[in-house]
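The values are calculated or read from the model by the stated rules, or taken from the named source; none is laboratory data. Every value quoted in this text rests on a predicted model; they were computed, and no experiment measured them. Here the Cβ is made from the backbone with ideal geometry for all residues, glycine too, and neighbour counts use every protein chain on show. All accessible areas refer to the heavy atoms of the entire protein, side chains included, with ligands and DNA or RNA removed. Shrake-Rupley method; radii C 1.70, N 1.55, O 1.52, S 1.80 Å.
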Amino acid sequence: MPVETKTTCPYCGVGCGVIATVADDGVVSVKGDPDHPANFGRLCSKGSALAETIDLEGRLLHPEISGRRAAWDEALDLVASSFSKAIAEHGPDSVAFYVSGQLLTEDYYLANKLMKGFIGSANIDTNSRLCMSSSVAGHRRAFGADTVPGTYEDMELADLVILTGSNLAWCHPVLYQRLAAAKAARPGMKVVVIDPRRTMSADIADMHLAIRPDGDVALFTGLLAHLSDSLAIDRAYVQNHTVGFDAAMQTARAHSLTEIAAATGVTIAELISFYELFERTEKTVTCYSQGVNQSESGTDKVNAIINCHLATGRIGRPGMGPFSLTGQPNAMGGREVGGLANMLAAHMAIESAEDRGRVQRFWGSPVIAQKPGLKAVDMFRAVADGSIKALWIMATNPVVSMPDAGAVETAIKACPFVVVSDVMASTDTARHAHVLLPSLGWGEKDGTVTNSERRISRQRGFLPVPGQARADWWQMAEVGRRMGFGAAFAYRNPSEIFAEHAALSAFENAGSRDFDIGGIDRDGYDGMTPFQWPKAEAGKAEVTRFFANGRFYHEDGKARLIPTALPQTDRTSADYPLTLNTGRVRDQWHTMTRTGKSARLTAHIAEPFAEFHPRDAQALGIESADLVELESPHGKVLLRALISERQARGSVFAPMHWNDQFASQARIDVVVAPVTDPHSGQPASKNMGVRARRFEAK
Ligand code: SF4
């Protein structure tokens with residue numbers, strides 16, 4: 001009899017439910033789960049090709065030490081002793097974990113516990129730093145805690161949905177399907193797309209604002225001034241529930257509409273049209289993603305957006321609010337367990353002595369990290385300068401994905417001790433590991449993930465464990481035990497870790513931030529159906545809505561409007577006159593270690609490319625399908641020219657996925673400068689100066 005398993009797609013932050021069926025002959029098929037509230041049975045191209053990515057070709061199936069096969073005991077002993085030695089000789093801040101939004105919540109929880117509670121450093125950061133940390137910082141500034149107020153249903157209920165810095169159609173495809181269906185059912189609903197490129201998301205847009213790169217702060221600061229001029233401010237809401245309105249208005253008023261038009265590259269007529277649409281549409285949801293977050297002004301962009309919703313009281317009610325969309329399948333779960341260098345578990349703050357004490361008491365740990373650790377870019381700088389002596393990289397490929405990727409590769413090569421836990425044997429990062437630990441992949445591992453709308457779902461194993469692969473949580477528990485932390489890491493299964501995580505969320509009133517996900521036993525874990533937090537009160541069908549009561553998490557219960565000064569946005573120069581924007585394509589995921597296995601997915605776009613406006617291409621003497629070299633002060637890449645009117649003049653777009661396994665000299669992050677947002681530490685991957693030339697083989 002075929003066996004069906006309900007699980008969750010491992011790709012994007014939409015978090016679609018999947019039913020995987022293993023037939024009698026072992027063949028696996030997948031379909032959307034009609035009961036899952038994220039997708040109601042829908043899947044996108046990547047989700048529907050999942051069964052094509054689960055073969056064992058290229059898999060890491062046993063531990064390796066310096067390229068030779070090793071036993072688990074030997075490998076784990078070496079990891080534990082090397083970390084212990086570095087800590088004994090150089091202190092706890094000489095070691096670091098670089099983890100991933102691909103990890104399950106249970107893995108993430110344990111990495112955080114081991115590093116912050118037992119090693120005593122906060123040097124654990126994640127590739128989610130590259131994805132949504134500006135939203136985290138913006139939420140903390142505005143709301144007093146990292147809380148995402150939106151839900152997918154809000155987008156369907158809204159009369160106006162603004163997509164800014166989000167190519168929803170390619171990056172969150174099922175959510176785009178839901179939005180398109182809602183718009184088709186309600187012709188009065190409007191969609192505005194704000195993006196320097198005319199992406200596929202603009203196909204359903206009533207208005208596309210081809211904004212200059214990083215023009216978002218100016219656009220929404222100008223909107224705040226317009227809302228005030230047009231008497232659209234909700235004075236009572238501002239008075240009763242916010243602080244900082246006057247200061248934010250003063251900054252907004254410092255710029256004329258002409259200045260805003262110059263800073264955004266949007267005409268005054270278009271600005272007025274957008275501003276008036278926002279002004280008259282109460283039910284407005286503003287969705288934002290990497291085009292907002294991956295910027296030197298990412299946190300200010302988030303706050304400029306939130307300011308407009310707070311000033312109009314459009315938050316905490318159905319069909320309205322700011323809504324950050326997470327990129328990865330478990331970026332949100334990582335936030336819940338404090339998996340970033342500047343957070344503690346259960347949405348507690350590492351800067352708070354009270355929170356640190358609460359977490360330490362709960363863990364019964366000998367120490368607790370006293371200060372934020374190194375964020376991703378700084379972490380690899382510390383690897384480069386020799387401050388980090390031992391580094392454990394889990395479920396991510398920073399040699400491809402970090403900015404200034406060439407320098408990151410050099411740093412990892414020179415690090416005295418590098419551990420990589422991965423499902424694949426020879427990623428660009430794994431090649432430089434002293435110890436390689438084989439992890440379980442999708443379909444093999446068990447745990448939970450949380451999607452963009454705070455919905456916790458199970459990932460369940462339905463495939464046999466291949467070779468000697470083991471769960472990431474098991475690897476960390478074993479290393480923790482071997483470092484002498486015994487009982488605190490004596491877990492037998494992921495349900496015990498989740499139960500501990502849930503108990504911490506309620507410990508000593510930690511759940512006052514509404515992150516109390518309550519107690520859960522093994523049966524409850526095994527049979528878990530997707531649920532959202534804040535959890536509904538007993539007997540109520542509806543999920544509690546964030547900020548419905550007008551109370552926020554700052555001590556006085558009020559939200560903050562943040563003044564947002566217009567940043568410098570032009571990163572070009574005479575030597576590097578084009579603006580490079582990087583991003584995803586529809587059918588690939590991250591560094592292609594999984595989606596690259598599917599011929600169907602690869603057929604969509606077979607090669608890495610650089611997309612130019614026709615007039616730029618003409619000026620550069622570049623024709624369609626030419627090989628072109630893109631170069632910055634940090635490095636260069638070789639890409640296939642694509643010429644289209646979708647691209648704004650003076651700019652070039654290149655996808656982030658390709659790596660040396662799939663195409664030579666195509667790691668675009670080699671070119672990307674390691675500059676970051678000052679509040680979030682998130683790299684700016686969408687606005688940097690480069691030059692381009694037609695490549696001629698010598
Ligand atoms: Fe998977 Fe995202 Fe596609 Fe859903 S939208 S099937 S979560 S990749």
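Would you be able to say whether some residue in the range 54-65 is within 16 Å of the ligand (Cβ to nearest atom), closer than 27 Å to Pro464 by Cβ and in contact with a strand residue (DSSP E or B) (Cβ under 7 Å, 6 or more places away or on another chain)?
Yes, because at least one residue in the range 54-65 is within 16 Å of the ligand (Cβ to nearest atom), closer than 27 Å to Pro464 by Cβ and in contact with a strand residue (DSSP E or B) (Cβ under 7 Å, 6 or more places away or on another chain).
If you go through the range 235-244 one residue at a time, do you hit one that is in contact with a Gly (Cβ under 6 Å, 6 or more places away or on another chain) and either assigned to a helix (DSSP H, G or I) or surrounded by fewer than 17 Cβ atoms within 10 Å (Cβ to Cβ) (or both)?
Checked against the condition, which is being in contact with a Gly (Cβ under 6 Å, 6 or more places away or on another chain) and either assigned to a helix (DSSP H, G or I) or surrounded by fewer than 17 Cβ atoms within 10 Å (Cβ to Cβ) (or both), the range 235-244 yields at least one hit.
Which helices (runs of 4 or more DSSP H) does the range 246-307 wholly contain that include 3 or more residues that are more than 14 Å from Val136 (Cα to Cα)? Don't jump to the end; show me each part of the working.
On the way: elements: 257-264, 268-280, 290-293.
Because the criterion is at least 3 residues that are more than 14 Å from Val136 (Cα to Cα), the helices (runs of 4 or more DSSP H) in the range 246-307 that meet it are 257-264, 268-280.
Scan Ala96, Ala88, Ala75 and give me the residue that is away from the ligand (no atom under 16 Å from the Cβ), touching a Pro at 6+ places or on another chain (Cβ under 7 Å) and of a type in the set (A, V, I, L, M, F, W, C).
On the way: Ala96 fails: touching a Pro at 6+ places or on another chain (Cβ under 7 Å); Ala88 fails: touching a Pro at 6+ places or on another chain (Cβ under 7 Å).
Answer to the check: Ala75.
Against the conditions (1) closer than 30 Å to Ala490 by Cβ; (2) touching an Asp or Glu at 6+ places or on another chain (Cβ under 9 Å); (3) within 16 Å of the ligand (Cβ to nearest atom), where does Ala111 fall short? Just the number, please.
(3)
Would you mention how many residues in the range 62-102 are at pLDDT 95 or above and closer than 22 Å to Asn342 by Cα?
12
Among the listed residues Thr251, Thr284, which satisfies the condition of being touching a residue at least 24 places away in the same chain (Cβ under 8 Å), touching a Lys or Arg at 6+ places or on another chain (Cβ under 7 Å) and open to solvent by less than 50 Å² (accessible area, probe 1.4 Å)?
Thr284
Considering only residues that are of a type in the set (A, V, I, L, M, F, W, C) and either away from the ligand (no atom under 16 Å from the Cβ) or at positive phi (or both), look in the range 1-27 and name the one that is surrounded by the most Cβ atoms within 10 Å (Cβ to Cβ).
Val22
Scan the range 7-26 for residues that are touching a residue at least 24 places away in the same chain (Cβ under 8 Å) and more than 22 Å from Gln328 (Cα to Cα) and jot them down.
Across the range 7-26, the qualifying residue is only Val22.
Check Ser128, Ser81, Ser135 and return the single one that is part of a helix (DSSP H, G or I) and out of contact with any strand residue (DSSP E or B) (no Cβ under 9 Å at 6 or more places or on another chain).
Residue meeting the stated conditions: Ser81.
Filter the range 561-587 down to the residues that are among the aliphatic types (A, V, I, L, M) and assigned to a loop (DSSP other than H, G, I, E, B), then identify the one that is surrounded by the fewest Cβ atoms within 10 Å (Cβ to Cβ). Before you say what the answer is, go through the steps one by one.
Just the residues of the range 561-587 that are among the aliphatic types (A, V, I, L, M), to begin with: 561-562, 565-566, 574, 578, 580, 585.
So of that shortlist, the ones also assigned to a loop (DSSP other than H, G, I, E, B) come out as 561-562, 565-566, 574, 585.
Details: Leu561: 27, Ile562: 21, Ala565: 12, Leu566: 22, Ala574: 7, Val585: 19.
Among those that are among the aliphatic types (A, V, I, L, M) and assigned to a loop (DSSP other than H, G, I, E, B), it is Ala574.
Quick one: is Leu103 assigned to a helix (DSSP H, G or I) and either within 19 Å of Gln370 (Cα to Cα) or open to solvent by less than 20 Å² (accessible area, probe 1.4 Å) (or both)?
Answer is no for this residue.
Kindly establish whether His208 is surrounded by fewer than 24 Cβ atoms within 10 Å (Cβ to Cβ) and touching a Phe, Trp or Tyr at 6+ places or on another chain (Cβ under 7 Å).
no
Consider Met200 carefully, then state whether it is in contact with a helix residue (DSSP H, G or I) (Cβ under 7 Å, 6 or more places away or on another chain), within 16 Å of the ligand (Cβ to nearest atom) and open to solvent by 10 Å² or more (accessible area, probe 1.4 Å). Steps first, answer last, please.
Numbers: in contact with a helix residue (DSSP H, G or I) (Cβ under 7 Å, 6 or more places away or on another chain): yes; within 16 Å of the ligand (Cβ to nearest atom): yes; open to solvent by 10 Å² or more (accessible area, probe 1.4 Å): yes.
Yes, satisfied.
With the checklist (1) in a loop (DSSP other than H, G, I, E, B); (2) open to solvent by less than 10 Å² (accessible area, probe 1.4 Å); (3) among the acidic types (Asp, Glu) in hand, flag the one item Glu351 doesn't pass.
Condition not satisfied by Glu351: (2).
Which of the residues belonging to the range 463-487 are farther than 21 Å from Ala70 by Cβ, modelled with pLDDT of 95 or more and either among the hydroxyl-bearing types (Ser, Thr, Tyr) or surrounded by fewer than 19 Cβ atoms within 10 Å (Cβ to Cβ) (or both)?
The answer is Leu463, Pro464, Gly484.
Answer yes if at least one residue in the range 269-283 is among the β-branched types (Val, Ile, Thr) and over 30 Å from Cys9 (Cα atoms), and no otherwise.
yes
Among the listed residues Tyr109, Tyr152, Tyr176, identify the single one that is closer than 24 Å to Arg584 by Cβ, in contact (Cβ under 8 Å) with a residue 60 or more places away in the chain and of a type outside the set (D, E, K, R).
Tyr152
Can you name every residue in the range 30-49 that is at negative phi, more than 8 Å from the ligand (Cβ to nearest atom) and open to solvent by less than 50 Å² (accessible area, probe 1.4 Å)?
Val30, Asp33, His36, Pro37, Ala49
Which of the numbered conditions does Thr326 fail, given that it passes all the others? Conditions: (1) open to solvent by 10 Å² or more (accessible area, probe 1.4 Å); (2) within 16 Å of the ligand (Cβ to nearest atom); (3) out of contact with any strand residue (DSSP E or B) (no Cβ under 8 Å at 6 or more places or on another chain).
(1) is the only condition that Thr326 fails.
Checking the conditions here, which among Glu645, Glu611, Glu696, Glu623 is open to solvent by less than 70 Å² (accessible area, probe 1.4 Å) and over 20 Å from the mean Cα position of the chain (by Cα)?
So the residue among Glu645, Glu611, Glu696, Glu623 that is open to solvent by less than 70 Å² (accessible area, probe 1.4 Å) and over 20 Å from the mean Cα position of the chain (by Cα) is Glu611.
List pairs: first in the range 412-427 and more than 22 Å from Ala384 (Cβ to Cβ), second of a type outside the set (Gly, Ala, Ser) and at pLDDT below 95, Cβ under 7 Å, 6+ apart or cross-chain?
Partner pairs satisfying both residue conditions: Met424/Thr593.
Against the definition (away from the ligand (no atom under 16 Å from the Cβ) and under 14 Å from Cys287 (Cα atoms)), how does Val193 come out, yes or no?
Answer is yes for this residue.
Among (1) part of a loop (DSSP other than H, G, I, E, B); (2) under 23 Å from Ser401 (Cα atoms), there is one condition Gly319 misses while meeting the rest; what is its number?
(2)
Return only the number of the condition from (1) more than 21 Å from Val14 (Cβ to Cβ); (2) open to solvent by less than 20 Å² (accessible area, probe 1.4 Å); (3) part of a loop (DSSP other than H, G, I, E, B) that Ser166 does not satisfy.
(1)
Let me confirm something: among Pro187, Pro149, which residue is surrounded by 23 or more Cβ atoms within 10 Å (Cβ to Cβ) and outside any helix (DSSP H, G or I)?
Checking each option against the conditions leaves just Pro149.
Just checking, does the range 205-213 include any residue being within 27 Å of Arg545 (Cβ to Cβ) and more than 16 Å from the ligand (Cβ to nearest atom)?
no
Looking at the range 283-302, which of the residues that are polar (S, T, N, Q) and more than 20 Å from Val675 (Cα to Cα) is farthest from the chain's Cα centre (by Cα)?
Just the residues of the range 283-302 that are polar (S, T, N, Q), to begin with: 284, 286, 289-290, 293-295, 297, 299.
Adding the requirement that they be more than 20 Å from Val675 (Cα to Cα) leaves 284, 286.
Working: Thr284: 23, Thr286: 18 Å.
So the residue we want is Thr284.
If we scan the range 302-320, do we find a residue that is of a type in the set (Ser, Thr, Tyr) and at pLDDT below 95? Write out each step before concluding.
Just the residues of the range 302-320 that are of a type in the set (Ser, Thr, Tyr), to begin with: 312.
From what's left, at pLDDT below 95: none.
No, that holds for no residue.
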